[in-house]
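The values are calculated or read from the model by the stated rules, or taken from the named source; none is laboratory data. If you're wondering where the values come from, they're calculated on a predicted model, not measured in any experiment. Don't worry about glycine lacking a Cβ; one is built from the backbone with ideal geometry, like all the others, and counts go over all protein chains shown. Calculation scope for accessible area: heavy atoms of the full protein, side chains included, ligands and nucleic acids excluded. Shrake-Rupley method; radii C 1.70, N 1.55, O 1.52, S 1.80 Å.
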Amino acid sequence: DAVEADEAAAQAQLAGTHAVARLEERLCTLYGMRHALCVSSASTGLLGVALALNLDGEEFITTPYTYGATVAGWMLLGARPVFADVDPETLTLDPEAVGDAVTENTKAILAVDIFGNPCDSQALRTIAERYGLWYVADAAQSFGARRDGISASRHAHAIVLSFTAGKALFAGEGGAILTDDDDLYERLVWHTQHPLRQRRDVRLSLDNELAPVNGRIHPLAAVWANATFD
């Protein structure tokens, strides 16, 4: 019985069910978004987003005022950061400065909610739509925060959360990616999750055993996050 229980727990973790699925459901409800994908860390989540958006070697606009892990994964893929100014009151990306920094080579905006202060998500999404850019939010420091009554960075194409030390939702380690984009969600699963989850969530008849990132959240981290979520 113990062996069977261990096998069932292992299968659940690989497939993203049980505690992982429960945590993802709660995140979707909180943010009002279609998809949530739990990952091993926010750094892993940001790398997974860059892989899913094919940002290898591309140019993106971001803030100079953030922790290095925000851009590390993107730069690992050869993506090139262009730094825009920050709002002096919130210390987050100034949408006007972002608009001024856009060129024909720009592919994405990588904004950061800093010290719990949410970016002007609506303004950044408007700029992204105007120029046909992806808008990604590093919301590792803003879980639970709101701006204009809406969860921090809610208007981003992809939001990345962190559950590590010092964060509002602490689970030892871990993170999550939220998105409303069905295709982006499937690409995230394809690049970061086990084939068992790929078969469940991706509309293809094959597995990606060559997924470059083992990005699954630890099952105990998911249990911990659920226990402290409220």
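Quick notes on this one:
- Carbon + sulfur, % of accessible area of the chain - ligands and nucleic acids excluded, 1.4 Å: 52 percent
- Largest accessible area first, the residues Cys28, Cys119 order themselves as Cys28, Cys119 under a 1.4 Å probe with ligands, DNA and RNA left out.
- Read-out Rg/Rh (Cα atoms, Kirkwood Rh), derived from the coordinates shown; its label in (i) 1.05; (ii) 1.16; (iii) 0.97: (iii)
- Among Lys167, Lys107, the order of accessible area from largest down is Lys107, Lys167, computed with a 1.4 Å probe on protein heavy atoms.
- Heavy-atom SASA rank of Glu96, Glu25 (probe 1.4 Å, accessible area, largest first): Glu96, Glu25
- Distance from segment 20-85 to segment 89-162 (C-alpha centre basis), Å: 12 Å
- Between Thr103 and Asp56, the C-beta separation translates, for a Förster distance of 22 Å, into a calculated FRET efficiency of about 0.75.
- Beta bridges assigned by DSSP with both partners in the chain are antiparallel in approximately 45 percent of cases.
- Distance between the 7 Å Cα→Cβ label points at Cys28 and Met75: 3.6 nm.
- Rounded to 5, the percent of DSSP beta bridges in segment 75-185 classed as antiparallel: 50 percent
- Extension reserve of the Leu206-Thr17 stretch, reckoned as 0.36 nm per residue once the Cα distance is removed: 66.0 nm
- Long-range HN-HN contacts of Trp134 with modeled amide H, under 5 Å: Ala108, Ile109
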